[in-house]
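Q: The structure's right below; bear with me while I get my questions together.
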Amino acid sequence: MKVKALSRSQASTERECIGDLRKHARNLDPAYHPMQRPREMTRAITSAKMERMFAKPLVGNFGNGHQDAVYRTAICRKSLLPLLSGCADGQIKLWDLPTRTCVSTVNAHTQAVNGLVFGLDQDFYSCSQDGAVRRFSILGVL
């Protein structure tokens, strides 16, 4: 009696370099995934709740705000108190959320602010349509 064994080539199971993704065999047939719709519903509800939760501090009047449209906002990872907002005229404002007051204003760029992010230390980075990426210290801005 002959016995045939399944064999796979080594190239099908190994990656050429570390950055390559592994191939995963997936069956997308809905019959094999009966919980797909309830799982997606749970994810959608969670996402909606998260959006509402993070939108609550921003519902209100910030008093003397930007003169132009606000394109980007950023909240610090360590605390929710400092909020940055960047607008179309290149200004960046540092806000105190509990009092809803502008703590500081920086004329950072000559064109619209495209990105704002807090760094790991007491600093933040901004980029704009003028092609510049700038680093600011929060202590220096105050």
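Q: Just give me the residues in region 118-142 being open to solvent by 40 Å² or more (accessible area, probe 1.4 Å), in contact (Cβ under 8 Å) with a residue 40 or more places away in the chain and closer than 14 Å to CYS87 by Cα, in sequence order.
A: Residue satisfying the conditions is ASP130 alone.
Q: Could you say whether any residue in region 50-64 is within 23 Å of the chain's Cα centre (by Cα), at pLDDT 80 or above and part of a loop (DSSP other than H, G, I, E, B)?
A: Scanning region 50-64 turns up no residue that is within 23 Å of the chain's Cα centre (by Cα), at pLDDT 80 or above and part of a loop (DSSP other than H, G, I, E, B).
Q: Please enumerate the residues belonging to region 83-116 that are open to solvent by 70 Å² or more (accessible area, probe 1.4 Å) and at pLDDT 85 or above. I'd like the intermediate steps shown before the answer.
A: Residues of region 83-116 open to solvent by 70 Å² or more (accessible area, probe 1.4 Å): 98-100, 103, 107, 110-111.
Correct list: VAL103, ASN107, THR110, GLN111.
Q: Considering only residues that are modelled with pLDDT under 85 and β-branched (Val, Ile, Thr), which ones fall in region 36-49?
A: The answer is THR46, and nothing else.
The values are calculated or read from the model by the stated rules, or taken from the named source; none is laboratory data. Remember, predicted model here, so these are calculated numbers, not experimental data. FYI the Cβ positions are ideal-geometry reconstructions off the backbone, even for glycines, and counts take in every protein chain you see. Just so you know, the surface numbers come from the protein's heavy atoms only, side chains and all, with ligands and any DNA or RNA stripped out. Shrake-Rupley method; radii C 1.70, N 1.55, O 1.52, S 1.80 Å.
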